[in-house]
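**Student:** Once you've had a glance at the structure underneath, I'll fire off some questions.
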Amino acid sequence: MAAEDLVERRSIDVVPDDERHGTAFSQFTLWLGANLQITAVVTGALAVVFGGDVVWSLVGLVVGNLLGGAVMALHSAQGPRLGLPQMIQSRAQFGVKGAVVPLLLVILMYVGFFASGSVLAGQATARLTHTDDTTGIIVFAVVTAVMAAVGYRVIHALGRVASVICALAFVYLGIRLVERVDVGALLSDAHFDLPVFLLAVSLSASWQLAFGPYVADYSRYLPRTTSGRATFWWTLSGSALGSQWSMTFGVLVAASAGDAFLANQVGYVVGLGGTGLVASFLYFVIALGKLTINVLNTYGGFMSMVTSISGFRGQRVLGPRGRAAYIAVIMLAGTAVALLGKDSFLTSFKDFLLFLLTFFTPWSAINLVDYYLISRERYDIPALFDPHGRYGAWRWDALVVYGVGLLAQLPFLVTHFYTGPLVAPLGGADLSWIVGLVVPAVLYWALARRDAVAPGAGPRTERGVTPSAKEAPAP
């Protein structure tokens, strides 16, 4: 393949049919590779660190991965249908300019995940390059930015490589862990505690839901004829399997190692595997796994920034210099946060995950209800770029529903810096993400249905369900 074919030319514009390629299976390898990594291990470990036993932590993580993964995979299935990045679709719900509201929060998410990933990957990179953690973080960030700038093809190639290498490494580490730990004793000490169980569910659900704002970015090049069901199931299976595999390892390590793991997550995992060349290989695997997901975060952040600004400037096409500039902003911001927060990683990361969940569950609910139930998988593509078109500049009804969805979660939210007033009566359980899915979904559906049947409303020209030559054709 020529170099000019490897470097991506598209940004937020529609991918034409003659540039579509690949199969739905590519979503499995990408999301498996993206989840077989050290931050997912730490996420699983948090279920034990904050009071869970092994059995119910594992059950809770499975439930969260499946529930959150199903929502995330429904977003993935939108990619082949529309050929658009994920957040551009939000303009159909919030307006061409109004979509900037959730987009700003999405950009913060990418910066946060870039930073949290860089902390652990920087430790591994530092050991490989025989430098300090600060240098390791900076080197890792630069490599991430370069790969994100190349774009879609290299991202999927990286996912294929990581899915194989990281899977082999996790099999090896699992064998070493079982040799060292009495797994039977850990499994026998089970005591169900509802709040702690729901924390485990929330940790893994938030992990999956956080992929929602960019998952279609990596399925939009698939041929339009690609089955939506195939895209859904390959995405769900890759993401849920990879994350549960990593989180299970994290639960067992945290339950058996305690402070030894908490003091140095990367060092403990590598030490479990061995020394010498084996240790060097494992440091490389940790860096590779984090590179895969951080490239996704950087690429997604770039897409979201372009989507935000283009809503006001009317820009659709971005040149190489503009692309590099946007990616550099994400890299610099994420690196700065990583360097500032690298000494208080575990507590900060847990709160960051649950904080993200608060903002993205209402967005997911509104987007999925509109796409699947209101618009019936049909959007007026040109109107997504026109603030004077059928979707308008600001969709205040959707923005109000989004705000209500955010506020409805606060009484049920549990974080280090804020705990809602209804948490104690519920035994300390965090139910905010369930409220954040149900309340905005019901409200948005009711408002959209009311608009559809209003006297004199005529065809659904606002939401784009009336067939039109402009709309995305059926597969």
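The values are calculated or read from the model by the stated rules, or taken from the named source; none is laboratory data. Here the structure is a predicted model, which means the values were calculated and not measured. Cβ placement follows ideal geometry from the backbone for every residue including glycine, while neighbour counts extend to all protein chains displayed. Heads up: the accessible areas ignore ligands, DNA and RNA and are worked out on the full protein's heavy atoms, side chains in. Shrake-Rupley method; radii C 1.70, N 1.55, O 1.52, S 1.80 Å.
**Student:** Once both axes come from the Cα atoms, what is the angle between helix 432-453 and the longest principal axis of the chain, in degrees from 0 to 90, rounded to 10?
**Tutor:** With rounding to tens, the tilt is 10 degrees.
**Student:** Would you mind getting me the FRET efficiency between Leu426 and Val329? Use the beta-carbon distance for r and R0 = 41 Å, nearest 0.05.
**Tutor:** The computed FRET efficiency comes out at 0.50.
**Student:** A follow-up question, please. Once neighbouring chains are kept in place and the probe is 1.4 Å, which whole percent of the accessible area of the chain is contributed by carbon and sulfur?
**Tutor:** Carbon and sulfur atoms account for 69 percent of the accessible area of the chain.
**Student:** Pull out the extension gain between Glu179 and Arg449, defined as 0.36 nm times the separation in residues minus the alpha carbon to alpha carbon distance; nm, one decimal.
**Tutor:** Extending this stretch completely gives an extra 91.4 nm.
**Student:** So for the pair Ala157, Arg229, with labels modelled 7 Å out along Cα→Cβ, what separation do we get in nm?
**Tutor:** Using points 7 Å along Cα→Cβ, the separation is 3.4 nm.
**Student:** Still on this structure: Cα gyration tensor of region 1-93, axes a ≥ b ≥ c as square roots of the eigenvalues: rounded (a/c below 1.5), prolate (a/b > b/c) or oblate?
**Tutor:** Prolate, because a/c is 1.5 or more and a/b exceeds b/c.
**Student:** Using only Cα atoms, find the angle between the long axis of helix 277-313 and the longest principal axis of the chain, and express it within 0 to 90 degrees, rounded to the nearest 10.
**Tutor:** Relative to the chain, helix 277-313 is tipped by roughly 20 degrees.
**Student:** Tell me which chymotrypsin sites (Phe, Trp or Tyr not before Pro) from region 53-110 have a DSSP coil assignment and no more than 15 other beta carbons within 10 Å of their own.
**Tutor:** none
**Student:** Then there is this: With runs of 4+ DSSP H residues as the only contributors, calculate the mean residue ellipticity of the chain at 222 nm using -39,500 (n - 2.57) per run, divided by the residue total and rounded to the nearest 500.
**Tutor:** Helices in the chain give a 222 nm mean residue ellipticity of -22500 deg cm²/dmol.
**Student:** Keeping all protein chains in place, calculate the accessible area per residue for the chain (probe 1.4 angstrom), answer in Å².
**Tutor:** 37 Å²
**Student:** Measure nothing but the geometry: give the 0 to 90° angle between the long axis through the Cα atoms of 38-49 and the longest principal axis through the Cα atoms of the chain, rounded to 10°.
**Tutor:** Tilt relative to the chain: about 70 degrees.
**Student:** For His21 and Leu104, what does the FRET efficiency come to when R0 = 51 Å and r is the distance between their Cβ atoms, rounded to the nearest 0.05?
**Tutor:** 0.95
**Student:** Return the label of the correct value of Rg/Rh (Cα atoms, Kirkwood Rh), as calculated from the structure shown, out of [x] 1.61; [y] 0.97; [z] 0.99.
**Tutor:** Calculated Rg/Rh (Cα atoms, Kirkwood Rh): the matching label is [y].
**Student:** Roughly what would the spin-label model give for Phe284 and Phe417, points 7 Å off Cα along C-beta, in nm?
**Tutor:** 4.0 nm
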